[in-house]
1. Using a probe radius of 1.4 Å on heavy atoms only, what accessible surface per residue do you get for the chain? Whole Å² is fine.
2. How large, in percent, is the carbon and sulfur part of the accessible surface of the chain at a probe radius of 1.4 Å?
3. Any idea what angle helix 174-184 forms with the longest principal axis of the chain, computed on alpha-carbon atoms, 0 to 90 degrees, nearest 10?
4. Report the one residue of 203, 416, 385 whose Cα lies farthest in the direction of the positive end of the charge dipole of the chain (charges on C-beta: Lys and Arg +1, Asp and Glu -1; origin at the Cα centre).
5. Which net charge results for the neighbourhood of residue 54, defined as the other residues with beta-carbon distances under 11 angstrom from its beta-carbon, given Lys and Arg at +1 and Asp and Glu at -1?
6. Taking the Cα centre of region 77-167 as the origin, how large is its charge dipole in debye, to the nearest 20, when only Lys and Arg (+1) and Asp and Glu (-1) carry charge on their Cβ atoms?
7. Could you give me the ³J(HN,Hα) list for region 62-69, computed from phi with Karplus coefficients 6.51, -1.76, 1.60 and θ = phi - 60°, whole Hz, x at Gly and Pro?
8. Tabulate in residue order the Karplus-calculated ³J(HN,Hα) for region 276-288, using 6.51 cos²θ - 1.76 cosθ + 1.60 with θ = phi - 60°, rounded to whole Hz; enter x for Gly and Pro.
Amino acid sequence: MKFFDREKETEYLREINELSKENAQFTVLTGRRRVGKTWLVTHAYDPKDMLYFFVGRKSETELSKGFAKEIEEKLHLPVLGAPEKFSDIFEFLMKYSQSHPITLFIDEFQDFIRVNKSIFSDMQRIWDLYKENSKMNLIVGGSIYSLISKIFKDEKEPLYGRQSRFLRIKPFRTSVIKDILSSYNPDFLPDDLLTMYMLTGGVAKYVSSLMDNKAYTSDSMIVRAVSEDSPFISEGKNILLEEFGKDSAIYFSILSAIASGRNTRNEIETAVGKEVGGYLTKLEDEYNLVTKHLPVLTPNSQKNVHYELDDMFFKFWFRFIHKYNYMLEIGKYDKLREVIHRDYNTYSGHVLEHYFKHKLAEEADITRLGNWWDRKGENEIDIITENELDNRLTFYEVKRQRENISIGELKAKAEAFFTKNKIASKYDIEYKGLTLEDM
């Protein structure tokens, strides 16, 4: 797949490179795995002019030999001796950059923890020693957000505060997902776009997997996602095992419960069979996989919390791949596809709500967005947006088909909302329906 979007991020990285020619720059580039961090850096910079170090699962000596070879090939410089320590490589480059501006990209930087934890202390010492006179454009990329955050945001860690910038790469916006599909399938149907969003959530690698395999329609995308050679099958497990380590079983149980529609803490604890408060906090704050939602514009709503799995890929993976893994174990990929088609209308209706929340956040003239529900579960409004600058409040009902939209029912729910929140008089109120046609 060709490169799409990321104009702002590309320009930002190029600006940093120019700044580094006067003063050393240290940029942390993070984002969930497969979001396209490496692709972005190699697009922003000419790979021939950039040193690229990938931190694989090797010994420090093996890694250092590989890094030395990269230096020799790109800079045409012999690295003194046969370096066995990364600190020797890094110090060599920091000294060299005092007279020759260079860009160094270290990919999967957090994996140095597995290689040698003292590397971070060595880097801190070397960076502090040489940065004032250096023209180094240092970029470190990391996919395990919890570890990257600990390395750079925990004041007990040696590299705490050393970065000049912390740049987080997010999945493609809804408009970009639409542009990508349109470029490959100009006559796409709304369900083709919805399925693409449902399976990928805009994560570059997953989008690329569909487009490169000519999966341009809803049916062909589902076949691609659920087939024997599909990268989607093992992807969720592989990524999350790295994140969660020894606690993976409990985290998998919590995420499975949320993906199946158990959104309150009581419902999750009933499903899991134990207290989950601390785990939910980590899933939200450290792993960025779960979002805690409160009814929008509702005071005193702290006890009315819903938890959502907002990463669409993981939402799908837990709902179908993980849940029905027993089918895959005996090779019944066709049966799982039948299950997905059976549940598609109901499940994709919830996905459509997420799509429009992201679309409105990206494009609408608003200052706040959320949804609302009462504690009894009798009334729920799919989306509410506020523009506090012009005192406008808009209520949205989301349905797959236009004929299922009822503005009358939406207004009745809004009345329940206003009964709980005495704020109607300060707003101009609008009521709208959103369907597949509006994607």
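1. Normalised by residue count, the accessible surface of the chain is 48 Å².
2. Solvent-exposed carbon and sulfur of the chain make up 46 percent of the total.
3. Roughly 80 degrees between the two axes.
4. The Cα lying farthest towards the positive end belongs to 416.
5. Once all neighbours under 11 Å are counted, the net charge is -2.
6. 180 debye
7. Whole-Hz 3J(HN,Hα) from phi for region 62-69: 5, 4, 5, 5, x, 5, 4, 5.
8. So the J values, rounded to whole Hz, are 10, x, x, 5, 5, 4, 5, 4, 7, 8, 9, 9, 6.
The values are calculated or read from the model by the stated rules, or taken from the named source; none is laboratory data. All figures in this text were calculated on a predicted structure; none of them were measured in a lab. A quick note on method: Cβ atoms are made from the backbone with ideal geometry, for glycine too, and the neighbour counts reach across all protein chains shown. Keep in mind that these areas ignore ligands, DNA and RNA; they rest on the heavy atoms of the full protein, side chains included. Shrake-Rupley method; radii C 1.70, N 1.55, O 1.52, S 1.80 Å.
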